[in-house]
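Novice: Have a look at the structure that comes next, please.
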Amino acid sequence: MIDKNLADDILTIATSRGAEFAEIFIENNDKASISLVNGNVDTALSGIDFGLGLRIFYKGNTIYAYTNNLDRENLLKMAKEVSLATNENRSVNLKEYNKKDYKNLGVHKYKIIPTTIDKTKIVGLLKEGSNCAFKYDKHITETIASYMYSIQDVCIINTKGVFSEDRRIRTRLTLNSVASSETEKQTGSISPGALMGYEFYNDINIKELAREASRSAVTMLKAGFCPSGKMPVVIDNGFGGVIFHEACGHGLEAIKIARGDSVFAGKIGERVASSKVTAIDDGTIPNKWGSINIDDEGEEAQRTVLIENGILKSYLVDNFYGEKIGMKSTGSCRREGYKFAPVPRMRNTFIANGTDKKEDIIKNTEKGIYAKYMGGGSVNPATGEFNFAVREAYLIENGKITTPVRGATLIGKGEEVLKDIDMVSDNLEHSEGVCGASSGSVPTCVGQPMIRVSKMTVGGRG
């Protein structure tokens, strides 16, 4: 994506006034989306993001610039301007490049490139999902079916000798069903995705997914209001892991640790969770939505055990903040694209399987709330305090799941919830999402088996 000699010149100029390190990030991202409302095409968008970002380290700070003009003169001018943020009369010796092409070396393989698929085929697939969602129940009044893909080619070159190229192809489907009565509307949603080409659609059943979105919407339309108070909460597998992601995962990112903005700072080796809890962030799971071959510093992806049997073992670390906290990179540095400087971020983050059975978790809960599908929420990363909506919830009474309830919210602090997890099932699932932070929005998976939190504040109206 760039000539070696030009890269040499950019890095040399960028470090000519004292910078300790320089890095080039080049991106070409071909992406498109199609969205149908009630079975009719509503939007069809496509475009290419193309550009180069240049980052230097100097005395514990980063300086970042970017451009979509890759003419030689413009790039050398940008390198000169970046170097003016430093003021010493010394330069860095460039290391010999170890050039690697992860399109061939990487574990994530792509069979059907999305650009080879006729758009009418995609529209037909979305119509099939929309029709199936409508047929589920007479109360379904609206459906939204969306398809997206992204083909991101990247090249990362730095003064430490990294010269790596990679291709990341992601595909995702979103189905929303709206159920309506005379006074109420409820939405069911499901959004699977993968680090795959169009072959992803051979692995899913769009009719089943559409029916599930509609079932959830209709169930919540007919539900009563959730009671409030402190009680046991059973959180189902898959997207239930969003609580760990938001309330705990962000606090384990090295940027928060280095700045002292995390309750987990300085606690490596200490107990931070129940002995039932092992939490992992893994960028190596083949073709998983949040997986990567290399991070956006060119470091190879890793499987990082964050918490093992309740003991804090590691943080999510990049090179820049890793130097500040004295830890090596875990291959966790990520960014949305060339317009963003990278920081340590989550990939596929999940609570690992336990030994309890989901049937026993319900049976051993006399009274509480079962959270089947989690919704959005808000979190204070510095304290771990959170407030999450539950999209689909039920009462647990006498060890059985009974009445559906709506309006439930889960309120608490991440570190307290971790310690109050007293049962962990063996039915781990992952769910796909997009995480926003200072380096933009990146694809991430959250996940967990079914868990029980022994006591938790539940907000409701009852």
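Novice: Does anything in the stretch 350-369 have its amide N under 16 Å from the 7 Å Cα→Cβ label point of Asp426, and if so which residues?
Specialist: Under 16 Å, as judged by backbone N against the label point of Asp426, lie 352-362 of the stretch 350-369.
Novice: Suppose each label sits 7 Å from its Cα in the direction of the beta carbon; what would the Ile411-Ala44 distance come out to in nanometres?
Specialist: In this crude spin-label approximation the distance works out to 4.8 nm.
Novice: Full extension from Ser378 to Asn98: what is 0.36 nm times the residue separation minus their Cα-Cα distance, to one decimal in nm?
Specialist: 96.5 nm
Novice: Further question: Dipole of the stretch 199-349 (Lys/Arg Cβ +1, Asp/Glu Cβ -1, origin at the Cα centre): which of Trp289, Ser216, Ile204 lies farthest to the positive side?
Specialist: The residue sitting most towards the positive pole is Ser216.
Novice: Do any GluC sites (Glu not before Pro) in the stretch 72-153 lie in a DSSP loop with no more than 15 other beta carbon atoms within 10 Å, and if so, which?
Specialist: Glu88, Glu96
Novice: Viscosity 0.692 mPa s, temperature 37 °C: give me the Stokes-Einstein translational D for the stretch 229-459 in µm²/s, with Rh taken as the Kirkwood radius over C-alpha pairs.
Specialist: 187 µm²/s
Novice: Also: Output the relative contact order of the chain, whole-number percent, from Cα pairs under 8 angstrom with separation of 6+ residues.
Specialist: Relative contact order of the chain: 16 percent.
Novice: Which angle between 0 and 90 degrees, to the nearest 10, do you get for helix 72-83 versus the longest principal axis of the chain when only C-alpha atoms count?
Specialist: Tilt relative to the chain: about 80 degrees.
Novice: Counting other C-beta atoms within 10 Å, which of Leu173, Leu312 has the fewest, and how do the rest follow?
Specialist: Result, fewest neighbours first: Leu312, Leu173.
Novice: Also, I was wondering about something else. Using just the C-alpha positions of the stretch 112-161 as equal point scatterers, what log10 of I(q)/I(0) does the Debye formula give at each q in 0.18, 0.19, 0.27 1/Å?
Specialist: -0.71, -0.75, -1.03
Novice: Also: Two decimals is fine: what is log10 I(q)/I(0) at q = 0.06, 0.07, 0.14 Å⁻¹ for the chain, from a Debye sum with one equal scatterer on every Cα and no solvent?
Specialist: Result of the Debye calculation: -0.29, -0.40, -1.32.
Each value in this text was obtained by applying a stated rule to the coordinates, not by laboratory testing. Quantities reported herein were computed from a predicted structural model and do not represent experimental measurements. Counting neighbours? That spans all protein chains shown, and the Cβs are built from the backbone with ideal geometry, glycine included.
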